[in-house]
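Before any comments, here is the structure.
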Amino acid sequence: MAQKTKLADALLVTAPPNKGEKGPENVRLTAWSTGKLLPETTVIRMLGSVALQMAYVACGRMDAYWEHGQEVYDWMAGALLIEEAGGIATDMDGGPFTWGASGVIAGSRELCSGITGVLGY
C-alpha cells in the first residue's frame with residue numbers, strides 16, 4: 001500500500017462503466033464522480049482491468065480505486081488484496097463493502113474517507 005494520506009497527492013484509478021442493464025446511470029455516475037475528484041487529486045487513470053487496478057493499489061503503484069455499479073464479483077478479490085496489504089474497502093457510503101454494494105472505494109483509510117467526503121456520501 002502507498003503511504004499517501006492526502007487526495008492532493010494521490011493517483012486514483014477507476015474503470016470505464018459498462019453498458020449493462022444500468023449502463024446509462026453508471027456512465028452518469030462515473031462522469032459525475034470523475035468531475036468531482038479530478039480537481040482534488042493529482043491524476044485519475046482508467047486502465048481497464050479492475051483486478052489489475054486494484055492489485056496496483058494493494059502493491060502501492062496506485063493510491064486508491066473507486067467505481068460505481070453492481071460488479072461486486074469484479075471487486076471482491078481486489079478488495080481482499082487491498083485489505084491484506086493494510087488498506088480498506090468500503091461501499092460508496094463509507095460503510096462495509098459487502099455483496100450487494102452499489103460501488104466500491106478502496107485504498108488507505110484516509111484516502112477512502114477523502115473520496116467519500118468529496119463525493120458527498
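A short reminder: the numbers here are calculations on the coordinates, not readings from a lab. Keep in mind the model is a prediction, meaning the values are calculated, not measured. With ideal geometry, Cβ positions are generated from the backbone for all residues, glycine too; neighbour counts draw on all protein chains shown.
For the stretch 55-121, state what percent of all Cα-Cα pairs lands in each successive 5 Å bin, counting from 0 Å until the bin that includes the largest distance.
Pairs per bin, as whole percents: 4, 22, 34, 26, 14, 2.
I want to check the label-to-label distance for TRP32 and ALA51. Put each point 7 Å from Cα in the C-beta direction and report it in nm to one decimal.
Label at TRP32, label at ALA51, 3.1 nm between them.
For semi-axes √(5λ) of the Cα gyration tensor in Å, the choices are (1) 19, 16, 13; (2) 33, 26, 17; (3) 23, 17, 13; which was calculated from the structure?
Read-out from the structure maps to (1).
Efficiency by 1/(1 + (r/R0)^6): what FRET value for GLN70 and ILE44, r their Cβ-Cβ distance, R0 = 25 Å, to the nearest 0.05?
About 0.70, to the nearest 0.05.
How much length would be gained if the chain were fully extended between CYS59 and THR98, taking 0.36 nm per residue of separation minus their Cα-Cα distance, in nm to one decimal?
On the way: separation 39, 0.36 × 39 = 14.04 nm, distance 2.23 nm.
Result for the pair: 11.8 nm of gain on full extension.
Considering the options GLY107, GLN70, GLY35, tell which one lies farthest towards the positive end of the dipole of the chain, charges being +1 on Lys and Arg and -1 on Asp and Glu at the Cβ, about the Cα centre.
Selected residue: GLY35.
Need one number: % antiparallel among DSSP beta bridges in the stretch 7-119, to the nearest 5.
Close to 65 percent.
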